[in-house]
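Every read-out reported here was derived from the displayed coordinates using simple, explicitly stated rules and does not represent laboratory data. On a predicted model such as this, the values are computed, not experimentally measured, just so you know. Please note: Cβ atoms are built from the backbone with ideal geometry, for glycine as well, and neighbour counts cover all protein chains shown.
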Amino acid sequence: MPIEPDAPPPSMLPQPCQLVIFGAPGDLSWRKLLPAVYNLNVDGVLPSHFAAVGFGLPAEGDVKGDPDEWMRNRARDGISRFSRQDLDEGHWADFARSLFFVPGSFNDASAYARLKARLDAVDAQFGIPASRIYYLAVPPGLVDMCVSRLKDAGMVNDPGEQTAFTRVIVEKPIGRDLDSAREVIATVSKAFAENQTYRIDHYLGKETVQNLLVLRFANSIFEPLWNGKYIDHVQITVAEEEGLAQYDPDTGEMLATRAGYFEGLGALRDMVQNHMLQVLCIVAMEPPWSLAPDVVRDAKVGVLNCLRHMTPQDVEKNVVRGQYIEGDVNGKRVPGYRKEVRDAFAMMKKPLPPSSVNSTTETFIALKMFIDNWRWAGVPFYLRTGKRLPKRSTEVAIQFKDVPHILFNDHPEVPLEPTVLSLRVQPEEGLSMRIASKLPGPKVRIYPVKMEFNYASSFGGKTPEAYERLLLDVMAGDATLFMRRDAVESAWRFVMPILEHWEANRARDIPEYQCGSWGPIEADRIIEPDGRQWRRL
């Protein structure tokens with residue numbers, strides 16, 4: 001039976017504001033942000049006084065015609081393609097009235113003057129008390145420029161201002177290493193205080209990830225067992241079916257690419273340092289004494305501070321990287337990573353960097369890691385993520401230890417399968433628990449069965465997208481699901497020994513895996529010697 005979305009509780013009511021999207025013509029705005037805001041409008045949870053204003057320049061240069069109509073057409077196209085709710089003409093007409101666009105270069109001071117004037121006019125039109133959220137959907141190299149120009153234009157309110165707030169949302173990656181992350185943090189802090197800064201990780205907005213907190217701390221059956229005494233190991237998998245590029249299904253022509261972003265960055269920086277470590281924190285954190293934002297974030301930082309940092313010998317033993325080569329995905333032949341990079345730079349009409357000719361950028365990484373604290377001492381956490389794998393799937397699997405004395409299926413060739421709690425983050429959000437059960441009949445025969453929970457079948461409809469929840473939280477001033485600066489730095493401190501070891505061994509060949517496989521066979525060596533296996537998803 002479908003359940004209508006709840007109204008936000010009073011503590012997190014979104015406040016009247018303007019959402020100002022820097023880089024509004026870009027892919028993130030088109031695919032995620034504008035559809036998310038539309039869905040919030042359809043659900044009736046946006047502030048009563050709200051507008052969204054885009055800022056930037058489209059790829060083709062100047063906007064021809066009315067800029068606001070350009071923005072509305074762009075938004076309508078994105079919503080019709082990517083929204084979880086169908087485009088409804090009545091809701092669209094209401095939403096479109098609150099969409100505006102100011103074309104301009106991020107480095108043009110006069111463009112900021114025009115933007116400020118337009119925001120002031122929209123405030124007056126919609127009765128908004130000069131409260132703004134700046135979403136920096138821009139490449140990392142432009143963050144400094146945007147922040148500095150906003151400050152110089154007088155568009156950032158004092159953090160203690162009571163009647164009108166200013167907040168900024170910063171996308172990953174926060175730097176390429178620890179030093180550059182600190183530089184980004186320092187740059188943003190020149191204009192915005194820490195309580196005005198929201199470093200977004202969209203994985204934390206996913207329903208299943210949030211449900212981890214509820215599962216652990218609202219169900220007394222789990223938390224007493226949530227430790228190294230009862231848990232054998234934890235696996236976190238983020239598998240992506242897509243590679244760097246999107247292709248026309250009929251012609252095979254490359255339509256879009258992330259090569260300019262991903263090449264030279266790699267899966268460790270792109271996925272592990274942020275998404276996967278943040279999910280790990282929620283799995284492993286100590287119970288917070290309240291749900292106040294900084295109490296929860298303190299608990300997560302506590303996990304990051306307990307991660308065992310790797311020596312070069314640990315990296316050799318417990319980390320495997322890989323890069324995809326030509327292969328088949330869902331019956332279609334797809335090119336390898338290096339060819340995609342060459343084709344992508346040709347499509348973008350940019351010269352191929354010399355380092356990319358024989359790129360060693362990893363598209364896959366698997367690692368075994370440990371948390372050195374009382375709760376998790378000795379429990380291995382296995383993480384893996386990769387592109388061009390057989391399917392798109394994100395899962396957290398907690399495998400419990402065997403019972404201390406085997407009464408059933410004690411034959412060594414037919415072992416009793418372990419109890420596993422599996423949380424599916426995407427697709428088909430939900431959870432399942434594999435337990436042992438007796439097969440019907442006179443003999444005692446044990447068979448593994450699953451207890452299942454699925455969001456769609458239990459609650460009806462499609463669950464809200466991650467960006468919907470996170471945007472609503474920023475409007476309400478709730479920073480619980482956003483990364484604090486100490487969390488960013490602690491995560492980088494963990495991955496730096498791996499990056500430094502790779503940098504010192506750049507001449508070494510990177511293991512390869514065919515598109516459509518589950519990664520390089522070398523990944524098995526970090527889990528199979530422990531008597532365990534990667535889960536089949």
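Taking the 0 to 90 degree range and rounding to the nearest ten, how far is the long axis of helix 466-476 tilted relative to the main principal axis of the chain, both from C-alpha atoms?
50 degrees
Taking neighbour counts of Cβ atoms within 10 Å as a proxy for exposure, in what order, fewest first, do His233, His309, His49 appear? Walk me through the numbers on the way to the answer.
Values: His233 20, His309 13, His49 17.
Placing the least packed residue first, the sequence is His309, His49, His233.
If you put +1 on each Lys and Arg Cβ and -1 on each Asp and Glu Cβ, how big is the dipole of the chain around its Cα centre, in Debye rounded to 20?
Working: 63 positive and 71 negative charges, 147 e Å.
Charge dipole of the chain: 700 debye, to the nearest 20.
Can you tally the net charge around Pro448? Count Lys and Arg as +1, Asp and Glu as -1, for every other residue whose Cβ sits under 12 Å from the Cβ of Pro448. Don't skip to the end; give the middle numbers.
Values: positive: Arg434, Lys438, Arg445, Lys450; negative: Glu417.
Taking every Cβ under 12 Å from that of Pro448, the sum is +3.
Which cross-chain or sequence-distant (5 or more) residues have an amide H under 5 Å from the amide H of Arg199, H modelled 1.01 Å from N in plane?
Residues meeting the criterion, in which the H sits 1.01 Å from N, are Val170, Met483.
Find which of Ile221, Leu204, His49 sits farthest along the positive direction of the dipole of the chain, computed with +1 on the beta-carbon of Lys and Arg, -1 on that of Asp and Glu, about the Cα centre.
Towards the positive end, the residue furthest out is Ile221.
Restrict the search to region 237-328; then list the trypsin sites (Lys or Arg not before Pro) that DSSP places in a loop and that have at most 16 other Cβ atoms within 10 Å of their Cβ. Walk me through the numbers on the way to the answer.
Numbers: sites: Arg258, Arg269, Arg297, Lys300, Arg308, Lys317, Arg321; in loops: Arg258, Arg308.
Listed in order of number, the matching sites are Arg308.
I'd like the orientation of helix 293-305 relative to the chain: the angle between its Cα long axis and the longest Cα principal axis, in ° from 0 to 90, rounded to 10.
50 degrees
Of Cys281, Cys306, how do they rank once you tally other Cβ atoms within 10 Å and put the fewest first?
Details: Cys281 25, Cys306 17.
With the fewest neighbours first, Cys281, Cys306 line up as Cys306, Cys281.
Taking θ = phi - 60°, what integer Hz values does the Karplus form 6.51 cos²θ - 1.76 cosθ + 1.60 yield along region 108-117, in sequence order, with x for Gly and Pro?
9, 4, 5, 5, 5, 5, 5, 4, 4, 4
What ranking do Glu500, Glu240 get, fewest neighbouring Cβ atoms within 10 angstrom at the top? Don't jump to the answer; show the numbers that get you there.
Numbers: Glu500 14, Glu240 18.
Starting with the residue having the fewest Cβ neighbours, the order is Glu500, Glu240.
What's the long-distance tail for region 56-114, i.e. % of Cα pairs beyond 14 Å?
61 percent
Could you name the aspartates and glutamates whose alpha carbon sits less than 19 Å from that of Lys368, not counting residues in the same chain fewer than 8 places away?
Within reach: Asp232, Asp270, Asp314, Glu316, Glu395, Glu500, Glu522, Asp524, Glu528, Asp530.
Checking the a/c ratio against 1.5 first, then a/b against b/c, what shape does the Cα gyration tensor give for region 204-330? It would help to have the intermediate numbers written out before the result.
Working: a/c = 2.28, a/b = 1.76, b/c = 1.29.
The shape class here is prolate.
Step by step: find N for the chain, compute 2.2 N^0.38 Å, then divide the Cα radius of gyration by it. What's the final number?
Numbers: Rg = 24.3 Å, N = 537, 2.2 N^0.38 = 24.0 Å.
With N residues counted in the chain, Rg over 2.2 N^0.38 Å equals 1.01.
Could you pull out the chymotrypsin sites (Phe, Trp or Tyr not before Pro) across region 468-533 that fall in loop regions by DSSP (anything but H, G, I, E, B) with no more than 16 other Cβ atoms inside 10 Å?
Working: sites: Phe482, Trp492, Phe494, Trp502, Tyr513, Trp518; in loops: Phe482, Trp518.
Sites meeting the loop and neighbour criteria: none at all.
Using Cα pairs closer than 8 Å and at least 6 residues apart in sequence, work out the relative contact order for region 10-199, in percent.
Numbers: 300 pairs, mean separation 44.5, N = 190.
Reported as a whole number, the value is 23 percent.
For Tyr247, which sequence-distant residues (separation of 5 or more, or a different chain) have an amide H within less than 5 Å of its own amide H, given hydrogens modelled in the peptide plane?
Correct list: Leu255.
State whether region 389-537 is rounded, prolate or oblate according to the following rule on the C-alpha gyration tensor (a ≥ b ≥ c being the square roots of its eigenvalues): a/c under 1.5 gives rounded; otherwise a/b larger than b/c gives prolate, and the remaining case gives oblate.
oblate
Report the semi-axes of the equivalent ellipsoid for region 10-199 in whole Å, largest first, where each axis is √(5λ) for an eigenvalue λ of the Cα gyration tensor. Could the numbers behind the result be given before it?
Values: eigenvalues 127, 75, 59 Å².
Value: 25, 19, 17 Å, ordered largest first.
Does anyone have the angle between helix 67-82 and the longest principal axis of the chain? Alpha-carbon axes, 0 to 90°, nearest 10?
Value to nearest ten degrees: 20.
So which lysines pass the test for Lys190, namely a Cα distance under 28 Å, with those fewer than 8 places away in the same chain ruled out?
Straight-line reach from Lys190, under 28 Å: Lys116, Lys151, Lys172, Lys300.
Please give the net charge around Trp534, taking every other residue with its beta carbon less than 9 angstrom from that of Trp534, where Lys and Arg add +1 and Asp and Glu add -1. Intermediate values should be presented prior to the final figure.
Working: positive: Arg384, Arg532, Arg535, Arg536; negative: Asp524, Glu528.
The answer is +2.
Taking the dipole about the Cα centre of the chain, with the C-beta of Lys and Arg at +1 and of Asp and Glu at -1, give me whichever of Leu178, Asn318, Gln162 is farthest to the positive side.
The one lying farthest along the dipole's positive direction is Asn318.
Straight-line reach from Lys443: which lysines have a Cα under 26 Å away, not including same-chain ones fewer than 8 places off?
Lys401
Tell me, what HN-Hα J-couplings in whole Hz come from the Karplus equation 6.51 cos²θ - 1.76 cosθ + 1.60 at θ = phi - 60° for each residue of region 159-174, using x for Gly and Pro?
x, x, 4, 8, 8, 9, 9, 10, 9, 10, 10, 10, 7, 6, x, 8
Mind jotting down the distance between the C-alpha centroids of region 93-127 and region 303-352, whole Å?
40 Å
Residue-wise, which Karplus ³J(HN,Hα) couplings in Hz belong to region 432-443, taking 6.51 cos²θ - 1.76 cosθ + 1.60, θ = phi - 60°, and x for glycine or proline?
For region 432-443, the Karplus curve yields 9, 10, 8, 10, 8, 9, 7, 6, x, x, x, 8 Hz.
Filter the chymotrypsin sites (Phe, Trp or Tyr not before Pro) in region 249-348 down to the DSSP loop ones having no more than 14 other Cβ atoms within 10 Å, then list what survives.
Values: sites: Tyr261, Phe262, Trp289, Tyr324, Tyr337, Phe345; in loops: Trp289.
Taking region 249-348 and a limit of 14 other Cβ atoms within 10 Å, the loop chymotrypsin sites (Phe, Trp or Tyr not before Pro) found are Trp289.
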